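Participant: For reference, the structure I am asking about is given below.
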Amino acid sequence: MSHKVGILPQTSLGGLLSAYEQTSSVLKNAGGNILNDDILEEDYEDYDEKERNEIPEEGDEEEKGKNDVRLAEEAAKLGDLTLTELTSSVEVSEGMVELMINKEFPTAKKVTLTDCINTCVVDEDGGNEYAAGDWVEILLPDMKWRLAMVKRVVKQAPDDWNWNAPENAGQEPDWLYFYNAGLQRMLTVDQLRSPEQGLRAIFGARPFLFQQWALLKYESTVRFQEDHPADFTEMNAQEFAHNLFDAWIIDPRNSDLKKVFDEAGGESKVVQEELLDHILKPFQLIDEMEEWEFEDEDQISCFTYLAVLGSGYVVPMLCFLMQFSIPTLLMRAQFRSQNRGEGHNFKCAMSNEVFNDEDARGDFSSLEGALMIFCVLVYYLFKVVPDTMEHFYNTAGTADNLYSKMMSLRKTIFVQGDDSIGQMVGFKLDLYMNTAFECLLYSANLYMIFHTNDILDVILNSLAIEFVHQLDEGFVESNWYDPKKRFIKAGAINLVLQANLRLEILSDSKKFCKAFDLSEEEVMKAVGENKHGMKNAAQSKKDRGNMSLFSDEEKLKIRLGKSAIKFKNQSAIAEYVKKPVFFGAVTLSLAKLFPETFMQSAVFYRFKAFRTWSYWDKVMWMAPVPDMTATFDAGKTDKIESTVSKPFLNHDILAGTDPLQVFIREVMGVLTGITFIKEIIRHGGERRWVVVMFRLADGAIEWLAYVVQLGFPIFIFFSVFVVPVCY
């Protein structure tokens, strides 16, 4: 794997690295001694202690220089030989062993801008996209991209390759490459991308501004219309965005960026491919959702639909009332029955009157009753408690399954402040009803069976609680609710759009200019002094009639649609006119009464107010293009490092790439109130008072929910020993 193009001080962009520079680059990434405190001494009994001690200390510059020269000489011997070829052709020295370890298993170090740029412009030989030591962004189960270092590249033959087949003699298969990066293992190339920090250093913010426009274009084109070529299950999102990029990059107004696009990387076209791959990642995820098995996901509830679509209120509200009313009525009836005697509802012992009355006592204080209660509690301890904790982990959005990925996208949108009121309510109901409510429900059942003097009622009450628990998922499983799961699939695609479209930024001119390195004066002039940036419902409506803002193909479709409406040709209207589709009868009725207000509740109509094509037509070319001389100056970029106070884009230095650590940090943020305080300050500073009021109420409920969730296992554990004795 030879590096052909990289950052060269005082050289042209198209220059090749010399053999010495290749070796120096490897040495720079080596990271020190091959032995560390994590390796057991007994595993290396034959290792020469004297030779270990000869490895220079970090501060011994002269010895370090000699060591570098020694390793450089060993690297020349090592070359690109395989392990088998190496052992059969040359004597393997300790220097070569050290170099092999550092090359194949590089240790993490501080990431510099040079590292990020090199990943974007370096071409790897041998079929693999990235090499060990490269800094890339990886997609974690929480659906966020995070900067991490590739620690190893794993090469495997395809499963169907037969090494013993005569026709394969002397041949090599089409190797499959997997990457270990951060704490993640066996990642495919689709789960990696070049660092945004490096791409922005080379091309500036303009391609990422294009990405926002392309996402809006996709949403305006895609339909919820089965068997139509533009239906979300039929339309190829990557191909759509790729065609837009091809037309955009050659636009005369993009000549300065096109020059950098053509010249960066010299003869190698890796940097162009990496930029396009990065820009198309959201569209790739949309296409991959076709393989998501929504039909087999049993955690999706009616609250999930409300959280994703922001509409369809009736069933979730009815379900919410039922899930609270049924256990409340049962609890009230049990409390009023005074089965353990008046004033003994919360006491371990029953009253003397009940104890002395055989009919009133029933199964109280009996061995059979105590054993039945004990069995229920053991079931709770070993089945219910793990299930509730798993649901908590899944709902928090860090597990690697379909439901958790959807909740991760929802959480991203919630944190960005880009969701509607309906989505916020649904998201929080889905969160609490799948976490704290489950714990409260089983705790209520424990109270009821403790006050039941008939062991048969113990079983019946437990079954009733299970019915209540599964009520929200039960509605979704009905065939009438969402046939073929089309609405939830479309909603998931909309979540990808919503998570990647920075609506909060697009609707604020100052934030918009800061995010994309734009001149506020020029932008305000382009948007007609609109303080809401690219958001303007009136301008969006006006731009729909401005044919100069559309491509030739779009113009023809618009004309055909208008003609179809004029002649009332229903078949032609269905083909050329995109119609809004709503989830839920109430939302549909409201949209008919108040179309301007509720139109955004339709599927693939949420961002209609941002379709201000006349604004985009002026703004898309404004972002400055970096000077290539400064960009490819390693002397400067080596000094720019990612730090805790000023991290690179998508670099989470504290949590790294460990989903569990990310989850724990988020839980601690809620319990300590830090997350709540930050949210209130942020939205209060932006004068978003409706959101502030929602977050105030939600913050208190969320804290209580987390306390209940984490306290539930402790409560059940002690109940196993206490409740059967008291029964």
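The values are calculated or read from the model by the stated rules, or taken from the named source; none is laboratory data. Here the structure is a predicted model, which is why all the values come from computation and not from measurement. Cβ coordinates were reconstructed from backbone atoms using ideal geometry, including for glycine residues, and neighbour counts include every protein chain displayed. Ligands, DNA and RNA are stripped out before the accessible areas are found, and what is left, the full protein with its side chains, is counted by its heavy atoms. Shrake-Rupley method; radii C 1.70, N 1.55, O 1.52, S 1.80 Å.
Participant: Could you pull the Cα extents of segment 445-540 along its three principal axes, largest to smallest, in whole Å?
Facilitator: Computed over the Cα atoms, the extents are 78, 33, 23 Å.
Participant: Can you list the GluC sites (Glu not before Pro) in segment 138-226 that are in a DSSP coil and have 11 or fewer other beta carbons within 10 angstrom?
Facilitator: Answer in residue order: GLU226.
Participant: Express the Stokes-Einstein translational diffusion coefficient of segment 151-234 in µm² s⁻¹, to the nearest whole number, given a Kirkwood radius over alpha-carbon pairs, 10 °C and a viscosity of 1.306 mPa s.
Facilitator: 91
Participant: Separate question: Below 12 angstrom from the Cβ of GLU226, what's the summed charge of the other residues (Lys, Arg +1; Asp, Glu -1)?
Facilitator: Details: positive: ARG223, LYS484, ARG486, LYS489; negative: ASP227, ASP231, GLU234.
Neighbourhood net charge equals +1.
Participant: Taking the full set of protein chains and a 1.4 angstrom probe, give the accessible area of LEU460 in square angstrom, rounded to the nearest 10.
Facilitator: For LEU460, solvent-accessible area is about 90 Å².
Participant: Mind checking the alpha-carbon convex hull of segment 626-727 and giving the volume per residue in Å³?
Facilitator: Once divided by residue count, the hull of segment 626-727 is 156 Å³.
Participant: Per residue, how large is the accessible surface of segment 625-666? Use a 1.4 angstrom probe and give square angstrom.
Facilitator: Result: 58 Å² of accessible area for each residue.
Participant: I've got another one for you. If I compute solvent accessible area with a 1.4 Å probe over the protein chains, what percent of it on segment 631-727 is carbon and sulfur?
Facilitator: Numbers: 4100 of 5550 Å².
Its accessible area is 74 percent carbon and sulfur atoms.
Participant: Within segment 446-500, list the chymotrypsin sites (Phe, Trp or Tyr not before Pro) lying in a DSSP loop whose Cβ has at most 12 other Cβ atoms in a 10 Å radius. Provide the component values of the computation, followed by the final result.
Facilitator: Numbers: sites: TYR447, PHE450, PHE467, PHE475, TRP480, TYR481, PHE487; in loops: TRP480, TYR481.
Answer in residue order: TRP480.
Participant: Taking a probe of 1.4 Å, how large is the accessible area per residue of segment 394-440, in Å²?
Facilitator: 19
Participant: Shifting gears a bit: Would you work out what percent of the accessible area of segment 123-163, with all protein chains in place, is carbon or sulfur (probe 1.4 Å)?
Facilitator: 40
Participant: Follow-up. Run the dipole for segment 395-498 about the Cα centre, Lys and Arg Cβ at +1, Asp and Glu Cβ at -1, nothing else charged, and hand back the magnitude in debye, nearest 20.
Facilitator: Values: 8 positive and 12 negative charges, 118 e Å.
With Lys and Arg at +1 and Asp and Glu at -1, about 560 debye.
Participant: Which order do the peptides 581-590, 674-683 come out in when sorted by mean C-beta neighbours inside 10 angstrom, highest first? All intermediate terms of the calculation are to be shown ahead of the outcome.
Facilitator: Values: 581-590: 17.3, 674-683: 15.6.
Most protected by this proxy first, the peptides run 581-590, 674-683.
Participant: Got a sec? Charge dipole of segment 594-719, +1 on Cβ for Lys and Arg, -1 for Asp and Glu; which of TRP616, PRO626, GLY669 is way out at the positive end?
Facilitator: It is TRP616.
Participant: Can you pull the percent of segment 480-594's accessible area that's carbon plus sulfur, 1.4 Å probe, other chains left in place?
Facilitator: 56
Participant: A further question follows. Could you work out the local net charge near SER614, counting Lys and Arg as +1, Asp and Glu as -1, over the other residues with Cβ closer than 12 Å to its Cβ? Could you put the intermediate results ahead of the total?
Facilitator: Numbers: positive: LYS541, LYS542, ARG544, ARG611, LYS618; negative: ASP543, ASP617.
Charge balance in the 12 Å sphere: +3.
Participant: Could you give the distance between the Cα centres of segment 466-504 and segment 519-539, to the whole Å?
Facilitator: Result: 35 Å between the Cα centres.
Participant: Also, I was wondering about something else. Could you sort out which of LYS411/LYS535; LYS258/LYS646; LYS525/LYS618; LYS144/LYS281; LYS535/LYS618 sit more than 19 Å apart by Cα distance in this structure?
Facilitator: In this structure, LYS411/LYS535; LYS258/LYS646 exceed 19 Å between Cα atoms.
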